[in-house]
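Here the structure comes first, spelled out in structure tokens, and everything after it is commentary.
Bear in mind these aren't lab numbers, they're just calculated from the coordinates by the rules spelled out. As the structure is a prediction and not an experimental result, all values here were calculated from the model. Cβ sites come from the backbone with ideal geometry, for glycine too, and all protein chains shown count toward neighbours.
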Amino acid sequence: MSSPFSNLEQLLYGILPYVAMFVFFLVTIIRYRVHTFSYSSLSSQFLENQFHFWGVVPFHYGIIVILTGHLVAFLIPSQLLAWNGVPWRLYVLELSALIFAFLTLTGLVNLMVRRKKYSKILEVTTKTDWLLLFLLLLQVSAGIYVAITYRWGSSWFATSMSPYLWSLVKLNPDISYVIGMPWMVKLHIINAFVIIGFFPFTRLVHVLVVPNPYLWRKTQVVRWYRDRQISRSSV
Amino acid sequence: MNVRSQISMMFHLDKCIGCHTCSIACKNIWTDRKGTEYMWFNNVETKPGTGYPTKWEDQDSYNGGWEKKNGKLRLKSTGRGRIIPNIFHNPNLPSMDDYYEPWTYDYQNLFNAPEGDDQPTAKPISMVTGEYIDIESGPNWDDDLSGSPIYGENDPNIDGLTDQEREQLFAIQRLVFFYFPRICNHCSNPACVASCPSGALYKRGEDGIVLIDQNRCRGWRSCVSACPYKKTYFNWSTGKSEKCLLCFPRIETGQAPACFHSCVGRIRYLGVVLYDADRIEEVANLPQEELIDGQRSMILDPHDPQVIAEARKSGIHESTIKAAQNSPVYKFVKTWKLALPPHIEYRTLPMLFYVPPMSPVISSFDGKTVDGTSEDLFHDISDSRVPMKFLGNLFGAGYTGKVEYALRKQKAVRWYRRAITVGDVDMATAERILLEADCSVEEAEEIYKLTSLCTVEDRFVIPPSHREEAIEALQDPMTRKQEAGFGFTAGPRRGM
């Protein structure tokens, strides 16, 4: 049976996502088990405390909102379309998404400038950091380009991208959704999977250890070396 | 009552000579690695002075420790809800500039420099970047500089001093200072532990040592800003925080921590105190003037049969109870009330205590010569060159009463011993001064012995840690012996 898609297309949209996810889970788990020590935010705020704010804060606030937006469109596409049914609501959504996208970009550029500008920060910057920063820059720029050029992305994401992603989840990839997309959108998709696959090798793993139990745990932490129940009865 | 044991510490400032041997001993063992060059788990400050990091006591800018808000205790920096919006950029994090940029020297230049008219020099190189730097600050940069306008006058503890007192403190040729050695206080209400978003910091149940789990630390940096004493440090190379571990491998083998052991002036004492863990929150929340008394009442009498019974119930080992009964720290803190916690107004309930230092008497005040033959036997305490208010700010939560009490007692013991050994004070006067200082003859003898004639065994009363029993409870010791590895097998390197 001949497929309507080329081998390359099959590879990029049908196989790469699985390779990326496989690498993501395998390496993050192995890394956590074998080299837990390496799970750190690797903050450099201590070495440079002023410009840090203008990079880290816009980047993180921006990227969190943008990624949440992608997740919402992926999870509840029909509700999103319903929201977008009224024009002003669509404009509000698209405009705020764009604002946060530019916030992300500003932060990212500042972070790169900071890494280059301050010699102390350059000292703690690895090749992996640079590669990651450039991949992120490419991703964010492509995303903004798509958002501006091919309008109302929140709506067509819900109708075209969400089904594609769900087809991937259901292990029955339907890449026809992607094939007709403009090349910049394709780049955004491919690069997304590249970043997911690259994720476990980078400092990004700190995302996986965000400190959520902090809000519920007791204020003070005490660790006992001895089992108190047993030693109590032995006394 | 929930009895817990704590390896507690006491530094006798009247004996400190400021030699920094403690700092060097610690440095050579723990912080000679990349990323830790700037850290001093143990450092010795000159007071008045700005300290390390610069002006660490100024909590209006560092925001360390706890504060009372609507009757409740909360972290001044970033606790609970406030950590979420601030986790990316910690608003209260000191930067390396607040400590100093570590450096070495380009010694090769001494050998390689081309022939010229001048002697070649070894230029300083940053240990962070490897570039040439101009040294602006360094370890003990303000050592012995208490009289200087940059260091002495910027000490946050001179707040509330009168102009006369300031003048007396900084008068040229009459200036006075003392040394203030600092390590982690291993607090019973540690702000660093409470602030850690990852729960990496913890207090050890058996001995109260506060540690950072290096495998759980994610470098959120909250502990660095939360500790009001600035005794957790951020390792810029590994991206993890580190702190004084009270040399627990030494403690567990019955040895005193390196800084204690190496102390030339023998100012350091180490011993167990038992305290009531149920009262931590209540005591930390007391009004400022009651904090010292509150902490003292939280520390329990190890001779009290009820305390002993409760301690046994809490699983505290007999040997630890015995060590608590012989603890020199307990005597100085609770029995004699000579030792005081540093800055207890930060409400972390530090478990390191200081005997405040005596200082020379002022010879003139307000332009007039002070009469050295006052009827008041303690006039030289209230007229000592380090103003009582200054010591009160450091060790009395802003109040001078407890500091004055400790100094009067020290002075009384001196007079009493002087009556015996020198004889230029008559015994009647000595006994009167003892009485006025709330000190019996027996107590004076004991204070004298533990202050001046103390042996290593007197100063360091370390209970066995009974690790073997802890292992027995979970595993056959022989199996354990065969299976236990060497702990970390990978070096603490940055990232993957």
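Of A:11, A:184, A:214, whose Cα points farthest to the positive end of the dipole of chain A (charges on the beta-carbon: +1 Lys, Arg; -1 Asp, Glu; origin at the Cα centre)?
With unit charges placed on the Cβ atoms, the residue in question is A:214.
How many angstrom separate the Cα center of region B:146-204 from the Cα center of region B:24-83?
About 10 Å separates the Cα centre of region B:146-204 from the one of region B:24-83.
Taking chymotrypsin sites (Phe, Trp or Tyr not before Pro) that fall in a DSSP loop and have at most 10 other Cβ atoms within 10 Å as cut points, what is the longest piece of chain B between them?
Details: sites that count: B:486, B:488.
Within chain B, the longest run free of exposed chymotrypsin sites (Phe, Trp or Tyr not before Pro) spans B:1-485.
Measuring from label point to label point, each 7 Å out along Cα→Cβ, what is the residue A:35 to residue A:106 span in nm?
Each label point is offset 7 Å from its Cα along the Cβ direction, giving 3.6 nm.
Report the residue, chosen from A:92, A:140, A:57, that carries the largest GNM mean-square fluctuation when chain A is represented by alpha-carbon nodes joined by springs under 10 Å.
Of A:92, A:140, A:57, the Gaussian network model singles out A:92 as fluctuating most.
How would B:441, A:86, B:329 line up from fewest to most surrounding beta-carbon atoms within 10 angstrom? Could you put the intermediate results ahead of the total?
Values: B:441 13, A:86 10, B:329 25.
Result, fewest neighbours first: A:86, B:441, B:329.
Please give the length that would be gained between residue B:435 and residue B:164 if that part of the chain were fully extended, namely 0.36 nm times their separation in residues minus their C-alpha to C-alpha distance (nm, one decimal).
Values: separation 271, 0.36 × 271 = 97.56 nm, distance 3.16 nm.
My answer for the length gained is 94.4 nm.
Quick one: Cα centre-to-centre distance for region A:164-186 and region A:1-41, in angstrom?
Between the Cα centre of region A:164-186 and that of region A:1-41, the gap is 16 Å.
Applying the Karplus parametrisation 6.51 cos²θ - 1.76 cosθ + 1.60 with θ = phi - 60° to the phi angles of region B:222-238, what ³J(HN,Hα) value in whole Hz is obtained for each residue in order, glycine and proline being reported as x?
My calculation for region B:222-238 gives 4, 4, 5, 7, 6, 5, x, 8, 6, 10, 10, 10, 9, 7, 6, 8, 7 Hz in order.
Straight-line reach from residue B:331: which aspartates and glutamates have a Cα under 16 Å away, not including same-chain ones fewer than 8 places off?
List returned: B:293, B:301, B:304, B:438, B:442, B:443, B:445, B:446, B:457, B:458.
Quick check on chain B: take the gyration tensor over C-alpha atoms, sort the square-rooted eigenvalues as a ≥ b ≥ c, and tell me if it's rounded (a/c under 1.5), prolate or oblate. Walk me through the numbers before you get to the answer.
Numbers: a/c = 1.58, a/b = 1.12, b/c = 1.42.
Judged from the Cα gyration tensor, chain B comes out oblate (a/c at least 1.5, b/c at or above a/b).
In nm, to one decimal, how far is the modelled label at residue A:68 from the one at residue A:148, with both set 7 Å along Cα→Cβ?
Simple spin-label model gives 2.5 nm for this pair.
Could you work out the longest stretch of chain B that avoids the GluC sites (Glu not before Pro) located in DSSP loops with at most 15 other Cβ atoms within 10 Å? Walk me through the numbers on the way to the answer.
Working: sites that count: B:115, B:131, B:136, B:375.
Here the longest segment lacking exposed loop sites spans B:137-374.
For B:127, B:96, B:9, B:427, what ranking results if the residue with the fewest other Cβ atoms within 10 Å of its Cβ goes first? Show your work: numbers first, answer last.
On the way: B:127 15, B:96 18, B:9 25, B:427 12.
Exposure proxy ranking, most exposed first: B:427, B:127, B:96, B:9.
Would you mind counting up the charge near residue B:259? Only other residues with Cβ under 11 Å from its Cβ, with Lys and Arg at +1 and Asp and Glu at -1.
Working: positive: B:27, B:182, B:250, B:268; negative: none.
Combined, the nearby Lys, Arg, Asp and Glu give +4.
Which residue, B:253, B:315, A:141, has the largest displacement toward the positive end of the dipole of the protein assembly as shown when charges sit on each Cβ (Lys, Arg +1; Asp, Glu -1)?
Of the listed residues, the answer is A:141.
Relative to the longest principal axis of chain A, what angle (0 to 90°, nearest 10) does the C-alpha long axis of helix A:127-149 take?
Tilt of helix A:127-149: around 40 degrees.
Evaluate peptide A:119-125: per residue, the Cβ atoms of other protein chains within 10 Å of its Cβ; return the mean as an integer. Intermediate results must be reported in sequence, preceding the final value.
On the way: counts 6, 8, 3, 1, 7, 9, 0.
Per residue, the number of nearby Cβ atoms from other chains is 5 on average.
Please give the calculated 222 nm ellipticity per residue for chain A, where each DSSP H segment of at least 4 residues contributes -39500 (n - 2.57) and the sum is spread over every residue; nearest 500 deg cm²/dmol?
-20500 deg cm²/dmol
Between the helical axis of A:183-198 and the dominant principal axis of chain A, each derived from Cα atoms, what acute angle in degrees is found, rounded to the nearest 10?
Roughly 20 degrees between the two axes.
Count the net charge of all other residues whose Cβ sits under 11 Å from the Cβ of residue B:243, scoring Lys and Arg as +1 and Asp and Glu as -1. Kindly include the intermediate steps, with their values, before the conclusion.
Numbers: positive: B:230, B:231, B:240; negative: B:242.
Once positives and negatives cancel, what remains is +2.
Rounded, prolate or oblate: which fits the protein assembly as shown, taking a ≥ b ≥ c as square roots of the Cα gyration tensor eigenvalues, rounded meaning a/c under 1.5, else prolate when a/b beats b/c? If you can, show how the numbers build up before the last one.
Values: a/c = 2.34, a/b = 1.89, b/c = 1.23.
It comes out prolate by the Cα gyration axes.
Just to confirm the number: angle between the C-alpha axis of helix A:16-34 and the first principal axis of chain A, 0 to 90 degrees, nearest 10?
With both axes taken from Cα atoms, the answer is about 0 degrees.
Going by the alpha-carbon gyration tensor, a ≥ b ≥ c the square roots of its eigenvalues, is region A:1-107 rounded (a/c under 1.5) or, if a/c is not under 1.5, prolate (a/b greater than b/c) versus oblate?
Details: a/c = 2.38, a/b = 1.07, b/c = 2.22.
Since a/c reaches 1.5 but b/c is at least a/b, the shape of region A:1-107 is classed as oblate.
Along Cα→Cβ, 7 Å out, is where each label goes; now give me the distance between the ones at residue B:442 and residue B:248 in nm to one decimal.
Once both label points are built, they end up 3.9 nm from each other.
Leaving out same-chain residues fewer than 8 places away, which lysines sit with a Cα under 17 Å from that of residue B:389?
B:47, B:402
Taking the Cα centre as origin and putting +1 on Lys and Arg beta-carbons and -1 on Asp and Glu beta-carbons, what dipole magnitude results for chain B, to the nearest 20 debye?
Details: 57 positive and 67 negative charges, 361 e Å.
For chain B, the charge dipole is close to 1740 debye.
Looking at chain B, do any whole DSSP H helices span at least 27 angstrom along their long axis by alpha carbon and average -1.0 or above on Kyte-Doolittle, and which? Show your work: numbers first, answer last.
Working: long enough: B:401-421 (30 Å, -0.91).
Helices meeting the criterion: B:401-421.
Go through B:203/B:231; B:27/B:76; B:231/B:481; A:116/B:243; B:231/B:411; B:55/B:449 and tell me which ones have a Cα-Cα distance over 25 Å in this structure.
From the list (B:203/B:231; B:27/B:76; B:231/B:481; A:116/B:243; B:231/B:411; B:55/B:449), the Cα-Cα distance tops 25 Å for B:27/B:76; B:231/B:481; A:116/B:243; B:231/B:411; B:55/B:449.
Under a Cβ-only charge scheme (Lys and Arg +1, Asp and Glu -1), can you give me the dipole magnitude of the protein assembly as shown about the Cα centre, in debye to the nearest 20? Please report the intermediate quantities before stating the final value.
Working: 76 positive and 74 negative charges, 638 e Å.
Computed about the Cα centre, the dipole is about 3060 debye.
Pick out, from B:16, B:222, A:58, the residue whose Cα sits farthest towards the positive end of the charge dipole of the protein assembly as shown, with +1 on the Cβ of Lys and Arg and -1 on the Cβ of Asp and Glu.
It is A:58.
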